[in-house]
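Working notes for the structure below.
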Ligand code: GTP
Ligand code: MG
């Protein structure tokens, strides 16, 4: 329900990605309220003392303020590989010799790891000053210093039985089985969508870990490009990230360039001596080559480095073993960061947006409409654009168009990147809450009906204007890039993938319509609602069932789904 109350609750900063049904910003207190000293006084304090709760529901930070704050927090943080049996209390006491610990948590990923945030950056330096390069017996070591450390016990400090057990925070999504159980036992389809969001969204700890990994990579990159920043973007920061999603990041050399243009003193302009290359693309390839090599040779925990330099957007792909993240590193991707900010804002406008996007993304994944492997599949980014577009098309609209957000912008919001106008308001208070009160269940059903009948053969999707437009080319699926408007973000999608999407959308709409007939509480009931949609086997049997039902019924159902001409349907043949 898009009541004003819900509206206020949902305008929250990024750090609200805790596992709580009501989104709540987990604001880090800059005072050292959570120091280890205070923690030790609370004798039986459980492990994982990251502050994840807070009463303040009012958003206080913009996307960039949030990013800067988390970056600064990451710089005061170390990652420690710990022995599996360890006294948390003694560990924290040991670290607090270097200064107060602000917060910490443990997690498991082929071993036990601790993420420890000090109050002061000096404490990290102090800790690193007493940290040794390990002696490796027969093998040689590269004496590389970083904030990724290894803790060894000289002797077991205390009998294991006397230690309070460590409670590692979970970094993985629940198993399919667990998720199914939760969805079966939900009270309504709306409840199912909220449960899915709550279970799959990035936790506060996982978000911290993502910023920490960027910060560790930044330490390596700054050796070559002093002052550069490694910025996360995409689903790690746009509030649509699901536990286990990849970590997209880029090397921001913008700050370095800005310095170059601002250091004019009097009549003199001092420039760095640099090497020239024939194109921006070659410069990007060279930068990524050297960073990729460094990560390969020296980056602790960075494995499987692939330099994919001939892609449209060159990148270095690698796994960060200790966090389990699949990482994609690009350069100067400021437009993508702006897209992340836009999605972040859309996700904050109405509580239904994220719930719907999560369920559509999960539905697409469950039916292999999306894939981790590049190819002709639809991407999560495109699916998110489709949901936003659909919500702009509701009556009354649930989300404003990008042009509306642009019209509300003031001079501070003005943003031109590489000639592209990326201006939109960042002030949510300027946006009138939607008067639309449709339930999630209805929206889910309508989403499938809308795109099951969309004229993909002639129309494109465009969130800038929020209306269907003639396709400028013959790509099966055309979704206009919001900032680089001449580009199609789903150019890769072929006709057969689009056809699968349309068929599954129609079948899903059919399943949800059928279910109107019975209640979720019935004990003999098969998987219902969202749970049914996420099971490929249920959808298969639906297909057969539908055939049995006969074409007349389907015809009338489809007609009731959308009263439009038959030509408005996609170029697909059904059953
Ligand atoms: P996940 O599937 O959860 O990783 O979602 P994601 O949003 O992070 O998508 P992905 O990792 O594929 O891409 C990361 C970001 O790059 C997206 O959020 C977009 O901002 C941007 N992006 C992805 N694909 C395109 C594209 O085709 N065109 C443009 N301009 N940007 C894209
Ligand atoms: Mg991603």
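Panel order for 142, 388, by other beta carbons found within 10 Å of each beta carbon, from fewest to most: 142, 388.
Going from the fewest other Cβ atoms within 10 Å to the most, the residues 385, 249 appear in the order 385, 249. How high is the FRET efficiency between residue 372 and residue 223 when r is their beta carbon distance and R₀ equals 41 Å, given to the nearest 0.05? So, using R0 = 41 Å, E works out to roughly 0.85. Taken along the Cα-to-beta-carbon direction at a fixed 7 Å, the label points for residue 177 and residue 437 span 4.3 nm.
A Förster distance of 35 Å, applied to the separation of the beta-carbon atoms of residue 271 and residue 413, puts the FRET efficiency at 0.65. Cβ-Cβ distance of residue 145 and residue 289, R₀ of 25 Å, FRET efficiency by 1/(1 + (r/R0)^6): the value works out to about 0.60.
By how many nm would the segment from residue 85 to residue 138 lengthen if fully extended, with 0.36 nm per residue of separation less the alpha-carbon distance? Walk me through the numbers on the way to the answer.
On the way: separation 53, 0.36 × 53 = 19.08 nm, distance 2.75 nm.
Gain in length upon complete extension: 16.3 nm.
Seen through its C-alpha gyration tensor, with square-root eigenvalues sorted a ≥ b ≥ c, the range 337-411 comes out prolate because a/c lies at 1.5 or above while a/b is bigger than b/c.
Compute the length gained on full extension between residue 303 and residue 282: take 0.36 nm times their separation in residues and subtract their Cα-Cα distance, giving the result in nm to one decimal.
Extra length available between residue 303 and residue 282 comes to 5.1 nm.
Residue separation of residue 131 and residue 152 scaled by 0.36 nm, minus their Cα-Cα distance, works out to 6.4 nm of gained length.
None of the figures in this text is laboratory data; all of them are computed from the coordinates on show. A quick note: this is a predicted structure, and the numbers were derived from the prediction, not measured. Heads up, the Cβs are rebuilt from the backbone with ideal geometry, glycines too, and the neighbour counts pull from every protein chain shown.
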